[in-house]
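One structure below.
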There are 2 protein chains.
Amino acid sequence: MNAPTNPQSNVTPNVTPDITVATWNINSVRLRMPIVAHYLKEHAPDVLCLQEIKTEEKFFPFEAFAEAGYPHVALSGQKGYHGVATVSRLPIRESSKLDWQANGEARHVGVELVGRDMFIENVYVPAGGDVPDRAVNPKFGQKLDFLGRMTEWADALDKPTLIVGDFNIAPLESDVWSHKQLLKVVSHTPLEVETLKRFQDAHGWIDLGREFIADPQRYFSWWSYRAKDYTKGDRGRRLDHMWASPELAKQAVSHSVLEEARGWEKPSDHIPLITGFDL
Amino acid sequence: MNAPTNPQSNVTPNVTPDITVATWNINSVRLRMPIVAHYLKEHAPDVLCLQEIKTEEKFFPFEAFAEAGYPHVALSGQKGYHGVATVSRLPIRESSKLDWQANGEARHVGVELVGRDMFIENVYVPAGGDVPDRAVNPKFGQKLDFLGRMTEWADALDKPTLIVGDFNIAPLESDVWSHKQLLKVVSHTPLEVETLKRFQDAHGWIDLGREFIADPQRYFSWWSYRAKDYTKGDRGRRLDHMWASPELAKQAVSHSVLEEARGWEKPSDHIPLITGFDL
DNA sequence: GGGAGGGTCG
DNA sequence: CGACCCTCCC
């Protein structure tokens, strides 16, 4: 990738990339449509990958996205939980819907950008429950197994790919507000971090966020709803990621994170990230 | 009672009564507090009787009422359903909480206006379910039995009393948008109307609403939530009532119904009624 | 349609 | 805390 114009900053460098791709765990797309429309209007990514849409496909707000200029949609939805959608201003072709848990949950959709040599994989990794021990908490085991299947998939991957979404893991110490206090908290345990590293190494994924906002700079993408004021104590974590194949990563020219979105009206607990590419 | 200045109108005649009393089925007092405060500010009844407060007593918004100038409260609440509250600018003394069904439901509270010879009974009659046949719908039987116990109570009554609230019965043909289409609909069946008439005759209650807005004039107090626009077709019913003892009724000088409240922000499906008295 | 409640999830 | 689900009630 090209060097960012200002490595200390998390705002988009003053470049106009060919293509911009954003990711946002939206925590109910129907409830959040007003702020999504606002985001699209203000930031106009070419492609937006949403997680936790929490709706069946038949209730997805296709019309609102079309009106906002995003007529192209690939989605995997289910009732009430999970669900991912990739919406685009540019033509996309759905390339895969993978069920890495083989349990029917809607946690992935892959698209190809038509006429561009780029695949975009939109994923929502399981949260993993409360206790970081698969013997007492099956959900934690499922999370690790999900990453294991993703790793097998990545190992066989041979196309220029961008994988984005809510990985539900903050791998670096600087990805959390307190490394020490979160070592035994699901999302930042050494076992999760190692498991994610194996996934990364399987394809040589480049962590674009940390290319532009280098460790050990503060970089968070999520703040819990359980604090009345999310800014109080700034107890954030970087759970959302944008990772690219090595060759594609070289074409990334900008990356930014929209922290103000956490303070919008009826916000998601996650904020949007965006990366620009010169293809 | 004194003749209304304009019997065709449902607006308050130009009099300043000694005392005004209002009734409103509020369908959750906590959710509706903003419009209740607005109503109190604009119409300033001395006493307001609320039904369907839908809260336990410990969660009743005493403070908001005190700030609005209504520090005196008598209430009977329960979790989730039913519940009545009488709030007042003037001192009141709780005189009774009657359980006419003997099932523990909070459907009545009676107060005495301190220093005035007037009792105000606030009641929420059971809705009665869907099918107007006690053999197949026990709730319909409970509604009739509730009115039966009220009739026994009224028969023994010997104080100047105003009974107000949601009776869940529209007795007259002009109390519903279509007499014919509602004859078999719970709230307007002949059996309910007869049962309510027996209650009325037991004490000689005067239907103050119909003294001021005489039959067959249109007079509704409720419109279902199940129409997107309640004004479309005007499918209303008069389910809420203010009935006075014969001698007290002679002191009623005004009565009006606030239809605009059905169109307020997050409205109740019922609207408030108000009666003025010269004691 | 729209209150309430309770349960589950994160 | 705030999404979702469901049932109950009007």
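Where helices (runs of 4 or more DSSP H) sit wholly within the stretch A:175-267, those with at least 1 residues that are more than 18 Å from the chain's Cα centre (by Cα) and either more than 16 Å from DNA strand D (Cβ to nearest atom) or at pLDDT below 95 (or both) occupy A:179-182, A:190-203, A:246-249. Filtered by the rule that a residue be in contact (Cβ under 8 Å) with a residue 60 or more places away in the chain, touching a Phe, Trp or Tyr at 6+ places or on another chain (Cβ under 7 Å) and either within 14 Å of another protein chain (Cβ to nearest Cβ) or under 16 Å from B:GLU259 (Cα atoms) (or both), the stretch B:201-236 gives B:GLY209, B:ILE213, B:GLY236. Surrounded by fewer than 22 Cβ atoms within 10 Å (Cβ to Cβ) and either in a strand (DSSP E or B) or touching a Gly at 6+ places or on another chain (Cβ under 8 Å) (or both): does that describe A:LYS139? Taking the combined requirement at face value, the residue satisfies it. Among the residues of the stretch B:33-88, those that are basic (Lys, Arg) and surrounded by fewer than 20 Cβ atoms within 10 Å (Cβ to Cβ) comprise B:LYS41, B:LYS58, B:LYS79. Take the conditions (1) under 21 Å from the mean Cα position of the chain (by Cα); (2) touching a residue at least 24 places away in the same chain (Cβ under 8 Å); (3) more than 18 Å from A:ALA85 (Cβ to Cβ); A:LYS139 misses just one of them, which is (2).
Of all residues in the stretch B:75-83, at least one satisfies being among the aromatic types (Phe, Trp, Tyr) and closer than 23 Å to B:SER221 by Cβ. Checked against (1) at negative phi; (2) in contact with a Lys or Arg (Cβ under 9 Å, 6 or more places away or on another chain); (3) within 16 Å of DNA strand D (Cβ to nearest atom), A:HIS82 passes all but a single condition, namely (1). Scanning the stretch B:110-131 for residues that are away from DNA strand D (no atom under 13 Å from the Cβ) and crowded, with 19+ Cβ neighbours inside 10 Å yields B:GLY110, B:VAL111, B:GLU112, B:LEU113, B:MET118, B:PHE119, B:ILE120, B:GLU121, B:ASN122, B:VAL123. Looking only at residues of the stretch B:185-200 that are within 12 Å of B:ASP175 (Cβ to Cβ) and buried (at least 21 other Cβ atoms within 10 Å of the Cβ), we find that the one that is farthest from the other protein chains (Cβ to nearest Cβ) is B:LEU196.
The condition (being aliphatic (A, V, I, L, M), within 16 Å of DNA strand C (Cβ to nearest atom) and buried (at least 17 other Cβ atoms within 10 Å of the Cβ)) is satisfied by just one residue among A:LEU248, A:LEU273, A:LEU239: A:LEU239. Taking the stretch A:201-212, which residues are among the small types (Gly, Ala, Ser), farther than 16 Å from A:ASP166 by Cβ and buried (at least 16 other Cβ atoms within 10 Å of the Cβ)? Residue satisfying the conditions is A:ALA202 alone.
Condition check ((1) in contact with a Phe, Trp or Tyr (Cβ under 8 Å, 6 or more places away or on another chain); (2) over 22 Å from B:LEU75 (Cβ atoms); (3) within 14 Å of another protein chain (Cβ to nearest Cβ)) across all residues:
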site: B:GLY141; (1), (2), (3): no, yes, no
site: B:LEU147; (1), (2), (3): yes, yes, no
site: B:GLY165; (1), (2), (3): yes, no, no
site: B:ILE169; (1), (2), (3): no, yes, no
site: B:ASP175; (1), (2), (3): yes, yes, no
site: B:HIS179; (1), (2), (3): no, yes, no
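Within the stretch B:20-32, if we keep just the residues that are assigned to a strand (DSSP E or B) and aliphatic (A, V, I, L, M), the residue that is surrounded by the fewest Cβ atoms within 10 Å (Cβ to Cβ) turns out to be B:ALA22.
The values are calculated or read from the model by the stated rules, or taken from the named source; none is laboratory data. Given the structure is predicted, the values throughout are model-derived calculations rather than measurements. Counting neighbours? That spans all protein chains shown, and the Cβs are built from the backbone with ideal geometry, glycine included.
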